[in-house]
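Reviewing the structure listed below.
The values are calculated or read from the model by the stated rules, or taken from the named source; none is laboratory data. All values reported here derive from a predicted model rather than from experimental measurement. In this analysis, Cβ positions are derived from the backbone assuming ideal geometry, glycine residues included, and neighbour counts consider all displayed protein chains.
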Amino acid sequence: MIDKVLLTPDYKAIEKKLGYNFSNSELLITAFTHITFANTFSVESNQRLEFLGDSVLGVAVAEFLYNTFHEREGTLSKMRSNLVDEENLSKLITKMGLQKYLRVAEGNSDELRNLSSVKADLFEAVLGAIFLDSNFHTACGWALNKLGIDRVNAQKKVIAKKDFKTQLQEVLQKSGKKVKYKLIKEEGKPHEREYTIQIFIGNKAGAVAVNTSKKVAEMELAELTLKDFT
């Protein structure tokens, strides 16, 4: 049987965690209604709000990045994608402790509520609801606040998503330089091979790394070399 608490969400508790008070409580209810619950009780699910919230979130972050960074379109797109991906949105819902209020049908309710995709959808649905309940400016402000991004944090979060080789390549592209990783030496038994790799920036030889994995050695060299450009 469905928990009565889920039939009547604790508005006050949810609003406190959200840091936003709804004028229209129906929007809040819908935002916390999963499709499984909606199909069981013939009510509206949060999917339409999720669709709307996804668009609001995209514009909010795009505007922030446009006004903050003077990068090319491709780079800005990657930055936006990294900041609003499923993992980040899911973590925000977990941090606020909101997944337990999601109304779902009987069955593996806890398992469903804790799926990253479901939590990310919930974040977007809530944002969509806030947008309809208030205005674009308020919704954008709420989203950026929950994402916790300013110029410094945005840069850190984006960089954290990239490996060192990608970071180095992007840094060097600005100066027109190219990076190469050259195998200098390979030795040891077949199952215990050690690879000596050297990095080259243009025609200039750089540091050398030794590892049982070529990939790891190259990553170590990229991380080391990055320090010379940051």
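Being in a helix (DSSP H, G or I) and touching a strand residue (DSSP E or B) at 6+ places or on another chain (Cβ under 7 Å) is the filter here, so list the residues in the stretch 166-221 that pass it.
Within the stretch 166-221, Leu168, Gln169, Leu172, Lys214, Ala217, Glu218, Glu220, Leu221 meet the criteria.
Which residues, taken from the stretch 61-108, are part of a loop (DSSP other than H, G, I, E, B) and within 14 Å of Ala120 (Cα to Cα)?
Val84, Asp85, Gly97, Leu98, Leu102
Tell me, yes or no, whether the stretch 37-49 has at least one residue that is closer than 18 Å to Ile130 by Cβ, over 22 Å from the mean Cα position of the chain (by Cα) and exposed (fewer than 15 other Cβ atoms within 10 Å of the Cβ).
Our first condition is that a residue be closer than 18 Å to Ile130 by Cβ; within the stretch 37-49, this holds for 44-49.
From the residues that got through so far, the ones that are over 22 Å from the mean Cα position of the chain (by Cα) too are 44-45.
Within this subset, residues satisfying the condition of being exposed (fewer than 15 other Cβ atoms within 10 Å of the Cβ) are 44.
Yes: the stretch 37-49 contains one or more residues that are closer than 18 Å to Ile130 by Cβ, over 22 Å from the mean Cα position of the chain (by Cα) and exposed (fewer than 15 other Cβ atoms within 10 Å of the Cβ).
Tell me, yes or no, whether the stretch 53-61 has at least one residue that is within 24 Å of Val104 (Cα to Cα) and not aromatic (Phe, Trp, Tyr).
Looking for residues that are within 24 Å of Val104 (Cα to Cα) and not aromatic (Phe, Trp, Tyr), one finds at least one in the stretch 53-61, hence yes.
Looking at Thr212, Thr196 in this structure, which one is surrounded by 12 or more Cβ atoms within 10 Å (Cβ to Cβ), of a type in the set (Ser, Thr, Tyr) and either closer than 17 Å to Lys165 by Cβ or modelled with pLDDT under 80 (or both)?
It is Thr212.
Taking Gly58 as meeting all but one of (1) of a type in the set (Gly, Ala, Ser); (2) part of a helix (DSSP H, G or I); (3) over 13 Å from Glu124 (Cα atoms), write down the number of the exception.
(3)
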